[in-house]
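**Student:** One structure, pasted below without further comment.
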Amino acid sequence: MAAKNFNYVILGGGVSAGYAAREFAKQGLKPGELAVISKEAVAPYERPALSKAYLFPESPARLPGFHVCVGSGGERLLPEWYKEKGIELILSTEIVKVDLAGKTLVSGTGESFKYQTLVIATGSTVIRLTDFGVKGAEAKNIFYLREIDDADKLNEAIKSKKNGKAVIVGGGYIGLELGAALRINNLDVKMVYPEPWCMPRLFTSGIAAFYEGHYANKGIKIIKGTVAVGFTANSDGEVKEVHLKDGTVLEADIVVVGVGGRPLTTLFKGQVEEEKGGIKTDAFFKTSVPDVYAVGDVATFPLKLYNEIRRVEHVDHARKSAEQAVKAIKASEEGKTIEEYDYLPFFYSRSFDLSWQFYGDNVGETVLFGDNNPTSPKPKFGTYWIKDGKVVGAFLEGGSPEENQAIAKVAKVQPPVASLDQLAQEGLSFASKI
Ligand SMILES: Cc1cc2nc3c(=O)[nH]c(=O)nc-3n(C[C@H](O)[C@H](O)[C@H](O)COP(=O)(O)OP(=O)(O)OC[C@H]3O[C@@H](n4cnc5c(N)ncnc54)[C@H](O)[C@@H]3O)c2cc1C
C-alpha cells in the first residue's frame with residue numbers, strides 16, 4: 001500500500017488535536033496539507049463533557065454539541081469544517097508503529113502515513129486495575145472513562161441498572177465527578193479511596209471537608225483509608241461485589257474506577273527524549289527530534305513562571321499548548337520566532353451544582369477563607385497558597401466569572417502578604433483589589 005503524504009500530521013484526535021487544527025487553519029493551510037489521525041470514531045471534542053453533562057439523565061450533552069472549540073467559547077468544528085478547510089480527518093485509525101527518523105506512521109491495518117512535521121497529541125490512557133492483577137477486575141460493568149465509547153458503555157449500564165448500586169473506586173477528579181453523575185442518575189453510590197481526603201494532590205483537608213460533606217448530604221457514602229482488592233461476579237460475568245482491603249464487602253451493579261492515567265508515549269520510546277513521564281519539549285513544544293512537536297497531556301514542558309519543567313494533564317493547557325506549537329511551526333517556516341510559552345496552570349471541575357477553579361501552584365502554607373459549610377444554601381469559599389511570603393496559588397468554589405478572574409490574577413501577579421491571619425480575614429476581597 002502506498003504511503004499517504006502530508007506536510008503536517010497531528011497524531012491523536014482529542015482536545016489538543018482539535019485546537020491545533022483550528023490554529024493551522026487560522027495561520028493558513030493549503031488543501032491536503034494537514035491530516036488528523038485518531039483512533040476515535042468522531043471528530044475532536046471537549047473531553048471534560050464526558051464526566052459531566054454527557055451522563056445527565058435529562059437533556060444530556062451529545063455530539064455534535066460539544067466538538068472543539070466550544071469549551072473555550074470558540075467555533076464548533078464539525079466534521080464538515082475539516083472538509084471545507086481541506087484537512088483530512090482520518091478517524092477509527094490507530095497508529096501502532098512510529099518511525100520518527102523515517103518520518104513515517106503505520107496504522108493497525110497497515111496503512112502508512114508520511115509527514116514533514118508531526119504534532120504528537122496522543123493524550124493519556126487510564127490506569128486499569130487489571131494492570132495490577134486485582135482479582136476479578138475483568139468482570140463486566142467495571143468501567144473506566146477516557147473516550148466517548150467508554151461514556152456510551154457507562155450510559156447503557158446506568159440505564160439497565162436503574163436504581164442499582166454503584167461503587168466508585170478512587171477519589172480524584174474522575175471519582176468525584178462520576179460519583180455525582182451516578183447519584184444524579186439515582187443510583188445508590190459509595191466511594192472508596194485510600195487517602196485521608198479526596199483529591200489530595202490539590203485539595204487541602206479544609207477544601208476536601210466541604211466536598212465530602214456535600215457528597216454525604218447528597219446521600220453518597222464515602223469509605224476512606226482502604227482500597228478495592230478484588231471483585232466477584234454473577235453467573236453472567238457481571239460485577240456483583242467489591243472486596244475492600246479492610247475486609248468490607250460492598251454490593252455493586254456498576255463500578256467506576258478512576259485511579260489515574262498515564263501519558264501515551266510508548267509508541268515513541270527510545271526515539272525521543274523523555275522527562276517526568278512525558279515527551280520533553282522546549283517552550284515551543286518542539287521535542288528532541290527535528291520537526292516533531294508534542295502537546296497536551298504528553299508534553300513535559302518548561303513552566304516559565306516556576307522555572308521548572310512539568311507535565312500538565314488539564315484541558316486548558318491542552319488547548320493552549322496546541323496553539324503555541326502550531327504558531328511556532330508556522331513562524332519557523334517563515335524564519336520568525338514567537339514568544340516562549342508562559343503558562344499559568346488552571347484546573348477546574350464541576351459536580352452537582354458546585355463549580356471550582358484553581359490557578360497557580362499549590363505549594364507552601366495555606367489559608368482557608370469564606371463559607372465552607374456544606375449545608376449552606378450558597379457556599380462560597382477559597383484557599384490561598386503562600387510561598388516565600390507571596391501568594392502563588394488560589395482556589396475558589398462558587399465564584400462568579402469576575403471573582404475567578406481575580407483569583408487568576410493573584411496567582412499570576414504573586415502579591416506579597418504580610419500576615420496570614422489578615423489574608424484569611426480579607427478572603428476574596430484580597431484578590432479583588434489586586
Ligand atoms: C472524563 C474526563 C474528564 C475531564 N475533565 C476535565 C476537567 O473538568 N477539567 C480539566 O482541566 N481537565 C479535564 N480532563 C483532562 C483533559 O480532558 C485532558 O487534559 C485533555 O483532553 C488532554 O488533551 P490531549 O489532546 O492531550 O489528549 P486527549 O484529549 O486525550 O486526546 C488524545 C487523542 O489521541 C488519540 N490517540 C491516542 N493514541 C493514538 C494512536 N496510537 N493512534 C491514533 N490515535 C491515538 C486518542 O484516541 C484521543 O483521541 C478530563 C479528562 C477526562 C478523561
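The values are calculated or read from the model by the stated rules, or taken from the named source; none is laboratory data. Here the structure is a predicted model, which is why all the values come from computation and not from measurement. Glycine gets a Cβ as well: all are built from the backbone with ideal geometry, and neighbour counts include every protein chain shown. Ligands, DNA and RNA are excluded from the accessible area calculation, which covers all protein heavy atoms including side chains. Shrake-Rupley method; radii C 1.70, N 1.55, O 1.52, S 1.80 Å.
**Student:** List the residue pairs whose Cβ atoms are under 6 Å apart, where the first residue sits in the range 286-297 and is more than 16 Å from the ligand (Cβ to nearest atom), the second is part of a strand (DSSP E or B), and the two are 6 or more positions apart or on different chains.
**Tutor:** Within 6 Å, the pairs are Lys286/Tyr293; Asp291/Thr117.
**Student:** Might you check whether a residue that is closer than 19 Å to Leu100 by Cβ, within 21 Å of the chain's Cα centre (by Cα) and within 11 Å of the ligand (Cβ to nearest atom) occurs anywhere in the range 326-346?
**Tutor:** Looking through the range 326-346, none of the residues is closer than 19 Å to Leu100 by Cβ, within 21 Å of the chain's Cα centre (by Cα) and within 11 Å of the ligand (Cβ to nearest atom).
**Student:** Still on this structure: Within the range 92-120, which residues are within 11 Å of the ligand (Cβ to nearest atom), touching a residue at least 24 places away in the same chain (Cβ under 8 Å) and in a loop (DSSP other than H, G, I, E, B)?
**Tutor:** Ser92, Thr93, Glu94, listed by residue number.
**Student:** Out of the residues in the range 66-91 meeting the condition of being assigned to a helix (DSSP H, G or I) and aromatic (Phe, Trp, Tyr), tell me which one is surrounded by the fewest Cβ atoms within 10 Å (Cβ to Cβ).
**Tutor:** Trp81
**Student:** Okay, moving on. Would you mind listing the strands (runs of 3 or more DSSP E) fully within the range 157-233 where at least 3 residues are within 27 Å of Glu58 (Cβ to Cβ)?
**Tutor:** Here the list reads 165-169, 188-193.
**Student:** I would also like to ask the following. Report whether or not Leu63 is open to solvent by less than 10 Å² (accessible area, probe 1.4 Å) and part of a loop (DSSP other than H, G, I, E, B). Lay out the reasoning, then the answer.
**Tutor:** Values: open to solvent by less than 10 Å² (accessible area, probe 1.4 Å): no; part of a loop (DSSP other than H, G, I, E, B): yes.
So Leu63 fails the test.
**Student:** Next question, about the same structure. Which residue pairs have Cβ atoms under 9 Å apart, sit 6 or more places apart or on different chains, and have a first residue in the range 338-355 that is open to solvent by 40 Å² or more (accessible area, probe 1.4 Å) and a second that is of a type in the set (Phe, Trp, Tyr)?
**Tutor:** Matching pairs, first to second residue: Ile338/Phe284; Glu340/Phe284; Tyr348/Trp356; Tyr348/Phe358; Arg350/Trp356; Phe352/Tyr215; Ser355/Tyr348.
**Student:** Search the range 121-141 for residues being polar (S, T, N, Q) and more than 17 Å from Leu154 (Cβ to Cβ), and hand back the single one that is farthest from the ligand (Cβ to nearest atom).
**Tutor:** It comes out as Thr130.
**Student:** Go over the candidates Asp342, Asp361 one by one and state the one that is charged (D, E, K, R) and under 19 Å from Leu396 (Cβ atoms).
**Tutor:** Residue meeting the stated conditions: Asp361.
**Student:** Further, regarding this structure: Could you run through the range 92-113 and say how many residues are among the aliphatic types (A, V, I, L, M) and open to solvent by 50 Å² or more (accessible area, probe 1.4 Å)?
**Tutor:** The qualifying residues number 2.
**Student:** I'd like to know if the range 170-184 contains one or more residues that are open to solvent by less than 20 Å² (accessible area, probe 1.4 Å), on the phi > 0 side of the Ramachandran plot and among the hydrophobic types (A, V, I, L, M, F, W, C).
**Tutor:** No, there is no match, as no residue in the range 170-184 is open to solvent by less than 20 Å² (accessible area, probe 1.4 Å), on the phi > 0 side of the Ramachandran plot and among the hydrophobic types (A, V, I, L, M, F, W, C).
**Student:** Please enumerate the residues belonging to the range 12-31 that are near the ligand (Cβ under 6 Å from one of its atoms) and either at pLDDT below 95 or in contact with a strand residue (DSSP E or B) (Cβ under 6 Å, 6 or more places away or on another chain) (or both).
**Tutor:** Residues of the range 12-31 that are near the ligand (Cβ under 6 Å from one of its atoms), as a first pass: 12-17.
Selection gives Gly13, Ala17.
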